[in-house]
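Undergrad: Structure in structure tokens, see below.
The values are calculated or read from the model by the stated rules, or taken from the named source; none is laboratory data. Please read all numbers here as calculations on a predicted model, not as lab measurements. Backbone-built Cβ (ideal geometry, glycine too); neighbour counts: all protein chains shown.
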Ligand SMILES: C[S@@+](CC[C@H](N)C(=O)[O-])C[C@H]1O[C@@H](n2cnc3c(N)ncnc32)[C@H](O)[C@@H]1O
């Protein structure tokens, strides 16, 4: 969803047969992410030179949220929130793993003052950047730093991600979304975030998230087996990219008390896509009981 279709294929493609593979294998995941971010920053220079307003966009060397044009991919996320999840201007939204505000930027224009936005991320740099950039435009937007550990994104995080309580009261949110986040979390953390989302959502509220979904007959991903039903790009640093069996994801969605609303939309990362996005797109709902 957030990644361009070709970028997503490229990310997974790195696992197979790249000439740089032997060097990359010996480089810590954090360093690899910084180098990839620096490359994205160099690629962003033409757009920044054409439109001076874009110098205010965050630099990926400091916190890399993935490939594609920052503004265009943020606008694509907003379109999907509106077209697929039915987002309205007066809704309260929760952005899990908000990164440097790729979705918050178009949401700052879209959401009415009666609506609301809460985002959180494990990266202090990313959260500080959002607070700085949105303070004047949308003082009502809230950005929280979750100091939980992620071996790729917050190496020194002090708390366990399986215990993190989302920064919102019960039944206060109309729409939760997580773009390119579950592709970097182990299954118990995904399960926890689904349960917390169910708690935070109003009855009938929705959750749109992306994932790499393993479906029999879909194709062979360039990933390595890690645990039953789980494949990863790099077994030494699983959080770089993780894919789950569809059955595993359906089970944790159901355990959280959420319903899958429609068939998973397939992204371009593996074989034929059924929508305009790199990762697979899941829409789930908290039932009205
Ligand atoms: C590929 S980036 C995507 C960022 C953002 N969602 C976007 O689309 O621009 C993945 C994000 O997940 C964050 N992250 C990693 N572990 C997390 C966790 N346990 N809870 C919340 N965010 C997490 C990272 O810091 C990073 O900002």
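Undergrad: What's the number of the condition residue 62 fails, among (1) free of Cβ contacts under 8 Å to residues at least 60 places away in the same chain; (2) surrounded by fewer than 19 Cβ atoms within 10 Å (Cβ to Cβ)?
TA: Against the list (1) free of Cβ contacts under 8 Å to residues at least 60 places away in the same chain; (2) surrounded by fewer than 19 Cβ atoms within 10 Å (Cβ to Cβ), residue 62 comes up short only on (1).
Undergrad: In a strand (DSSP E or B) and at pLDDT 95 or above: is that true of residue 174 in this structure? Don't jump to the end; show me each part of the working.
TA: On the way: in a strand (DSSP E or B): yes; at pLDDT 95 or above: yes.
So residue 174 fits the description; yes.
Undergrad: Would you please name the residue that is nearest to the ligand (Cβ to nearest atom), looking only at residues in the range 114-139 that are out of contact with any helix residue (DSSP H, G or I) (no Cβ under 8 Å at 6 or more places or on another chain) and not in a helix (DSSP H, G or I)?
TA: Our first condition is that a residue be out of contact with any helix residue (DSSP H, G or I) (no Cβ under 8 Å at 6 or more places or on another chain); within the range 114-139, this holds for 114-116, 118, 123-129, 131-132, 135-136, 139.
The next check asks that each one be not in a helix (DSSP H, G or I); those that pass are 114-116, 118, 123, 135-136, 139.
Values: 114: 24, 115: 19, 116: 18, 118: 12, 123: 4, 135: 19, 136: 21, 139: 22 Å.
The extreme case among them is 123.
Undergrad: Also, quick follow-up: In the range 266-279, what count of residues is obtained for those that are crowded, with 19+ Cβ neighbours inside 10 Å and touching a helix residue (DSSP H, G or I) at 6+ places or on another chain (Cβ under 9 Å)? Steps first, please.
TA: Narrowing the range 266-279 to residues crowded, with 19+ Cβ neighbours inside 10 Å: 266-270, 277-279.
Pick out the ones that are also touching a helix residue (DSSP H, G or I) at 6+ places or on another chain (Cβ under 9 Å) and you get 267-270, 277-279.
Within the range 266-279, residues that are crowded, with 19+ Cβ neighbours inside 10 Å and touching a helix residue (DSSP H, G or I) at 6+ places or on another chain (Cβ under 9 Å) number 7.
Undergrad: Of all the strands (runs of 3 or more DSSP E) wholly in the range 178-253, which have at least 1 residues that are under 30 Å from residue 116 (Cβ atoms), modelled with pLDDT of 95 or more and more than 16 Å from the ligand (Cβ to nearest atom)? Before you say what the answer is, go through the steps one by one.
TA: Numbers: elements: 201-214, 224-227, 230-232, 242-245.
Qualifying strands (runs of 3 or more DSSP E): 201-214.
Undergrad: List pairs: first in the range 104-127 and at negative phi and touching a residue at least 40 places away in the same chain (Cβ under 8 Å), second in a strand (DSSP E or B) and within 9 Å of the ligand (Cβ to nearest atom), Cβ under 8 Å, 6+ apart or cross-chain?
TA: Every condition considered, the pairs that remain are 118/95; 120/95; 120/96; 123/154.
Undergrad: Hey, among the residues in the range 227-236 that are in contact with a helix residue (DSSP H, G or I) (Cβ under 7 Å, 6 or more places away or on another chain) and crowded, with 17+ Cβ neighbours inside 10 Å, which one's nearest to residue 189 (Cα to Cα)?
TA: Top of the filtered list is 230.
Undergrad: Among the residues in the range 154-170, are any surrounded by 21 or more Cβ atoms within 10 Å (Cβ to Cβ), in a strand (DSSP E or B) and either free of Cβ contacts under 8 Å to residues at least 12 places away in the same chain or more than 10 Å from the ligand (Cβ to nearest atom) (or both)?
TA: For the range 154-170, residues surrounded by 21 or more Cβ atoms within 10 Å (Cβ to Cβ), in a strand (DSSP E or B) and either free of Cβ contacts under 8 Å to residues at least 12 places away in the same chain or more than 10 Å from the ligand (Cβ to nearest atom) (or both): absent.
Undergrad: Would you be able to tell me the number of residues in the range 182-221 that are surrounded by fewer than 16 Cβ atoms within 10 Å (Cβ to Cβ) and touching a helix residue (DSSP H, G or I) at 6+ places or on another chain (Cβ under 6 Å)?
TA: 2
Undergrad: So, one more: Taking the range 70-113 on its own, how many of its residues are within 12 Å of the ligand (Cβ to nearest atom) and assigned to a loop (DSSP other than H, G, I, E, B)?
TA: Within the range 70-113, residues that are within 12 Å of the ligand (Cβ to nearest atom) and assigned to a loop (DSSP other than H, G, I, E, B) number 7.
Undergrad: When you scan the range 140-148, do you find a residue that is within 12 Å of the ligand (Cβ to nearest atom) and buried (at least 21 other Cβ atoms within 10 Å of the Cβ), even just one? Write out each step before concluding.
TA: Looking only at the range 140-148, we keep the residues that are within 12 Å of the ligand (Cβ to nearest atom), and these are 143-148.
Then keep just the ones that are buried (at least 21 other Cβ atoms within 10 Å of the Cβ); that gives 143, 146.
For the range 140-148, residues within 12 Å of the ligand (Cβ to nearest atom) and buried (at least 21 other Cβ atoms within 10 Å of the Cβ): present.
Undergrad: Does residue 285 fit the bill of being within 22 Å of residue 79 (Cα to Cα), surrounded by fewer than 24 Cβ atoms within 10 Å (Cβ to Cβ) and at pLDDT below 95?
TA: Numbers: within 22 Å of residue 79 (Cα to Cα): yes; surrounded by fewer than 24 Cβ atoms within 10 Å (Cβ to Cβ): yes; at pLDDT below 95: no.
So residue 285 fails the test.
Undergrad: Can you name the residue in the range 141-153 that is touching a helix residue (DSSP H, G or I) at 6+ places or on another chain (Cβ under 8 Å) and outside any loop (DSSP other than H, G, I, E, B) and is also nearest to residue 29 (Cα to Cα) among such residues?
TA: Going through the qualifying residues, I end up with 150.
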